Amino acid sequence: MSADNPFISIIIPHWNGIDVLSECLDSIKKSSFSKIEIIVVDNASTDGSQEWIKDNHPDIILVENDQNYGYAGGCNRGVNVASGEWLLFLNNDTVQETDWLDRLAKAVEGKDDVAAVQPKIRNYYKRNLFDYAGGAGGHLDLLCYPFAKGRIFLTLEEDHGQYDEQADIFWASGTAFMVKKIAFEAACGFDETYFAHQEEIDLCWRLQLMDKRILFEPNAIVYHKNAVSLPMYSFQKYYLNHRNSFFMLLTNYNLPLTLYLLPVRFALELVAIVYALVKWDLKHLGAVFKSLWWLLTHPYIIYKKRQLVRKLRRKNDRKMLKQFYPGSIVYAHYIRGINIFTDL
């Protein structure tokens with residue numbers, strides 16, 4: 001590892017879990033690509049992570065936050081001390097193939113219009129499966145429901161090489177993705193309103209509006225433990241997923257398209273409420289209501305974000321819509337039962 005003139009700054013947001021972080025750091029240090037610096041951003045851990053890092057990894061740059069700023073806020077604070085030309089945001093519950101950084105660096109070489117690239121993300125425990133968080137690259141439907149090649153809702157595919165071509169994607173997973181620092185800063189970084197979940201989709205949307213490309217590189221491979229930081233069926237995860245997805249719709253489209261799609265998206269939220277009632281899933285029910293209440297009571301935040309997006313926009317929504325799944329993945333997957341990747 002050479003931090004004197006790094007090409008890549010690896011930024012790892014961290015909150016508790018020394019054993020998880022230890023495996024991740026040991027894996028990174030086996031990487032064959034040497035022009036890196038490693039930055040761990042500690043979000044006020046209470047398990048002694050800070051002292052453990054200082055004692056066991058004195059070569060790592062440690063940022064000690066005074067509180068938990070979430071993924072978005074933690075990563076932004078890591079960028080403040082990063083010196084690499086490219087920033088690589090990485091979850092602490094990952095391990096990586098030794099050549100992953102070489103593959104990512106090669107993928108962006110000579111491509112000035114590429115702002116970000118994502119590796120292939122497979123499951124840590126069942127390594128023949130794609131991982132829930134990212135798979136083979138992210139996409140979005142018109143109503144701002146995210147999905148990834150290799151993962152639709154809770155259905156994971158086996159990796160048979162079906163997505164082994166480098167390809168443009170709509171969003172790169174926050175589990176592991178590399179973004180050019182100058183582009184990240186021009187897009188104003190992660191929106192800390194999100195705290196966690198889908199902030200990377202929002203960032204990639206802004207990069208796309210700036211007329212930049214996002215790539216998937218299949219030969220770079222990362223393994224992810226998934227849902228270690230925030231359990232899959234927790235109230236907080238339900239809440240953030242509903243709120244943040246709806247927030248994207250309200251802020252990133254132009255106004256006529258926002259108003260056109262708003263009633264349809266709201267109707268799907270009502271469907272989620274009915275489904276939670278039928279299942280008597282009070283956590284999910286409460287999370288949907290909380291997300292709608294937040295959106296209703298924070299119009300100024302929505303307005304300010306729309307102003308920012310308008311200033312960054314270089315590509316109109318007519319062009320942008322060609323990059324979305326043309327419909328609802330909820331309807332296509334659960335009602336029609338079709339393979340939506342044939343439409344991408």
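The values are calculated or read from the model by the stated rules, or taken from the named source; none is laboratory data. The shown structure was predicted, so the numbers you read here are calculated from the model rather than taken from an experiment. A quick note on method: Cβ atoms are made from the backbone with ideal geometry, for glycine too, and the neighbour counts reach across all protein chains shown.
Would a scan of segment 149-170 turn up a residue that is within 21 Å of Arg243 (Cβ to Cβ), in a loop (DSSP other than H, G, I, E, B) and small (Gly, Ala, Ser)? No: zero hits.
Matching residues to (1) closer than 18 Å to Asp141 by Cα; (2) outside the structural domain of Ser291 (by TED's automatic domain parsing); (3) modelled with pLDDT of 95 or more:
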residue	(1), (2), (3)
Gln208	yes, yes, yes
Asp211	no, yes, yes
Ile214	yes, yes, yes
Ala220	no, yes, yes
Ser229	no, yes, no
Arg243	yes, no, yes
Phe247	yes, no, yes
Pro256	yes, no, yes
Ala272	yes, no, no
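Of the residues making up segment 141-167, those that are within 14 Å of Lys120 (Cα to Cα), in contact with a Phe, Trp or Tyr (Cβ under 6 Å, 6 or more places away or on another chain) and at pLDDT below 95 are Lys149, Gly150, Arg151, Leu156, Glu157. Would you check if Tyr260 is hydroxyl-bearing (Ser, Thr, Tyr), over 18 Å from Gly70 (Cα atoms) and outside the structural domain of Gly70 (by TED's automatic domain parsing)? When the stated conditions are applied, Tyr260 passes them.
Scan segment 129-139 and tell me whether some residue there is farther than 19 Å from Trp205 by Cα, assigned to a strand (DSSP E or B) and aromatic (Phe, Trp, Tyr). Checked against the condition, which is being farther than 19 Å from Trp205 by Cα, assigned to a strand (DSSP E or B) and aromatic (Phe, Trp, Tyr), segment 129-139 yields at least one hit. Checking the stated criteria, Phe130 turns out not to satisfy the condition of being of a type in the set (Phe, Trp, Tyr) and closer than 20 Å to Gln323 by Cα.
Conditions tested, residue by residue: (1) free of Cβ contacts under 8 Å to residues at least 40 places away in the same chain; (2) part of a loop (DSSP other than H, G, I, E, B); (3) closer than 29 Å to Asp102 by Cβ.
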position	(1), (2), (3)
Ile11	no, no, yes
Leu21	no, no, yes
Cys24	no, no, yes
Lys30	no, yes, yes
Lys54	yes, no, no
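Taking the criterion of being in a helix (DSSP H, G or I) and among the basic types (Lys, Arg), the residues of segment 310-324 that qualify are Arg310, Lys311, Arg318, Lys319, Lys322.
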